[in-house]
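Contents: one structure, followed by commentary.
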Amino acid sequence: MAEWHFYASGPDKANEKKLWTTGTDAEKKLITDKIQTALAWQQQTGIPTWVGAWMPGNYNKGNTYSVEEQTVFAGFMTKALSDAGIPFAVNADTKYYNAEENT
């Protein structure tokens, strides 16, 4: 199984590679383009893929996102990954992805 990392240190209000302010179409496209890259790679290689280590705020840089902003980002990220059928990390030591059971 391959693990993809994008938004591993959260979104950023200034970094064009992981820009997220209000969830504009362009900002959403940054996410969906990354998801499409992962899906294309998975289809080409036949290796299952998942996305790990993403977070809804930029906690490593002082967390400049409000709870509401984080909720909007996380809601979109969760829906986009779920719609694509890509599992993703839950940041808790009691949850994990089981590749054999696809759960």
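The values are calculated or read from the model by the stated rules, or taken from the named source; none is laboratory data. Just so it is clear, the structure is predicted and the values come from calculations on it, not from any experiment. Glycine also receives a Cβ, built like all others from the backbone with ideal geometry; neighbour counts cover every protein chain displayed.
A few notes on this one:
- Those residues of the stretch 13-29 which are without any contact (Cβ under 8 Å) to a residue 40 or more places away in the chain, of a type in the set (Gly, Ala, Ser) and either in a helix (DSSP H, G or I) or within 19 Å of Asp83 (Cα to Cα) (or both), in sequence order: Ala26
- Matching residues, the stretch 13-26, being modelled with pLDDT of 95 or more and crowded, with 17+ Cβ neighbours inside 10 Å: Trp20
- One residue stands out in the stretch 45-63 among those that are at pLDDT below 90 and of a type in the set (S, T, N, Q): the one that is farthest from Pro87 (Cα to Cα), namely Asn63.
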